[in-house]
Amino acid sequence: MKTMLIYVADDGKKFNSQHECEEYEKLIDRVNNIMIGFRPNKNEEGYYIAVKQDKDIVNKAYDEFLKLCEEVFEKHGYGELFQKAREKTIHPSHLSYTLSDWSDKYPVIWATYCRFENISLESGIEYTQPYYATHEKEYIWDIH
């Protein structure tokens, strides 16, 4: 019989090394600090609802998130991708493709990116689906 010690980060990601887990939890803290100022997008029953976020906070947070991604992914050869995203010289689908490929290693980054996909950077509204962030006129339900 073998005994194995596994370290589990705050978001459930598992590590064999305490150091790796601690480093990942530092990343979680950095992401959480970027997302301060966002209101929850679930109601009391736990259902997702559209929420009017502060447009300036959203855009600042998104830029800070892209800076963080640039730093994290530089060592993997993708730093320039996030720099171009900040400059708005590439289509956002490039980010989605890259981040989905790395979602198992950085689930906190993937989850945060998915949340940003639901938010219109033009209006600051966080929708229930990413479709509405780019098709706002088609959203017919309440916005809180």
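No value in this document is a laboratory result; all are computed from the given coordinates. Quick caveat: nothing in here was measured; it's all calculated off a predicted structure. Cβ coordinates were reconstructed from backbone atoms using ideal geometry, including for glycine residues, and neighbour counts include every protein chain displayed.
Table for the structure above
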item	result
Packing-based exposure ordering (other Cβ within 10 Å, fewest first) of Cys69, Cys114	Cys114, Cys69
Spacing of the two label points (7 Å from each Cα toward its C-beta) at Ile90 and Trp102, in nm	1.0 nm
Inter-part distance where segment 1-71 and segment 100-120 are each reduced to a Cα centre, Å	9 Å
³J(HN,Hα), Karplus 6.51/-1.76/1.60, whole Hz, each residue of segment 72-82, x for Gly, Pro	5, 8, 4, 5, 9, x, 10, x, 5, 4, 6
Sorted peptide list for 117-129, 79-91, criterion being average Cβ within 10 angstrom, highest first	117-129, 79-91
Length-normalised contact order of the chain in % [C-alpha pairs under 8 Å, at least 6 apart]	23 percent
With 10 Å bins from 0: P(r) over segment 37-85, alpha-carbon pairs, percent	25, 32, 27, 16, 1
Derived scalar couplings ³J(HN,Hα) [segment 57-66; Karplus, 6.51 cos²θ - 1.76 cosθ + 1.60; whole Hz; x for Gly, Pro]	5, 4, 5, 5, 5, 5, 5, 5, 5, 5
Distant-in-sequence amide H partners of Ile49 (H built 1.01 Å from N, under 5 Å)	Lys42, Asn43
Label assignment, Rg and Dmax of the Cα atoms in Å derived from the structure, set (i) 18.9, 77; (ii) 14.7, 52; (iii) 16.9, 61	(iii)
